[in-house]
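Data first, discussion second: the structure below is written as structure tokens.
The values are calculated or read from the model by the stated rules, or taken from the named source; none is laboratory data. Since we're looking at a predicted model, the values are computed, not measured. Here the Cβ positions follow ideal geometry from the backbone for every residue, glycine too, while neighbour counts run over all protein chains shown. SASA here: full protein model, heavy atoms, side chains in, ligands and nucleic acids out. Shrake-Rupley method; radii C 1.70, N 1.55, O 1.52, S 1.80 Å.
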Amino acid sequence: MSLADCKLIDLPKIADPRGNLTFIEGLQHVPFSIHRVYYLYDVPGGGERGGHAHKALQQLIIAMSGSFDIVLDDGREKKRFHLNRSYNGLYVCPMIWRELDNFSSGSVCMVLASNRYSEDDYYRDYNEFLLARRKV
Ligand code: TYD
């Protein structure tokens, strides 16, 4: 459950002059069953979201339209990813602090998640997250 486990995943792309098509199957293209989908939209240009970690949730984050950056932090090191293709997804394993920023206006961020929403699964305080990381 470190930054090394988080990676960009190349999703299948069916190129077609009529418009390209990408598909995602749980346990096939992402290493989890998909239990929830949510998306961020109407984010003001240059806006920021995130600022939390999850205890057990796994996610795949995709820039469906436009672009944004994601900074992942496992308590030891940080890495910035730039997402701007709808056929690339960033896999985020549990116990990783994430910040999303640098949203282009009109961008859409879609997230596939391994479980239903539960506030109990969040660390929203960075110091609490760091303390928990030391016990991992
Ligand atoms: P949050 O995960 O904190 O979003 P961000 O980190 O991008 O700011 O969620 C914002 C609010 O939406 C929070 O009150 C919880 C609620 N929410 C749900 O009710 N269901 C969901 O699936 C998600 C992701 C959030």
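For Lys135, which lysines qualify as cross-link partners when the Cα separation must be under 28 Å and same-chain residues fewer than eight apart are set aside?
Straight-distance partners of Lys135: Lys7, Lys55, Lys78, Lys79.
Please give me the summed charge of the neighbours of Phe103: other residues whose Cβ is under 11 Å from its Cβ, Lys and Arg +1, Asp and Glu -1.
-3
Specify the residue with the greatest mean-square fluctuation among Pro31, Pro44, Pro17, computed from a Gaussian network of the chain linking alpha-carbon atoms under 10 Å apart.
Pro17
What value, in deg cm²/dmol to 500, does the helix sum -39500 (n - 2.57) over DSSP H runs of n ≥ 4 give at 222 nm once divided by the residues of the chain?
-2000 deg cm²/dmol
Dividing the convex hull volume of the Cα atoms of region 86-126 by its residue count, what figure in Å³ per residue is obtained?
119 Å³
Label region 1-75 by shape, choosing from rounded, prolate and oblate, from the square roots a ≥ b ≥ c of the eigenvalues of the Cα gyration tensor; if a/c is under 1.5 it is rounded, and otherwise prolate applies when a/b is larger than b/c, oblate when it is not.
The shape class here is oblate.
Quick check on region 3-135: what does the Kirkwood estimate of hydrodynamic radius come out to from the alpha carbon pairs, in Å?
For region 3-135, the Kirkwood estimate is 15.3 Å.
Can you give the local net charge around Leu3? Use residues other than it whose beta-carbon is closer than 10 angstrom to its beta-carbon, Lys and Arg +1, Asp and Glu -1.
For residues surrounding Leu3, the net value is 0.
In percent, how large is the relative contact order of region 43-119, given Cα pairs closer than 8 Å and 6 or more residues apart?
Computed over region 43-119, the figure is 47 percent.
With an 8 Å Cα cut-off and a minimum separation of 6 or more residues, compute the relative contact order for region 3-135 in percent.
Computed value for region 3-135: 35 percent relative contact order.
Give, as a single signed number, the net charge of other residues whose beta carbon lies under 12 Å from the beta carbon of Arg76, with Lys and Arg counted +1 and Asp and Glu -1.
+1
Under a 10 Å cutoff between Cα atoms, tell me which one of Arg76, Arg18, Arg85 has the largest fluctuation in the Gaussian network model of the chain.
Arg18
Quick one: ranking Ser86, Ser114 by accessible area, 1.4 Å probe, largest first, what do you get?
Descending order: Ser86, Ser114.
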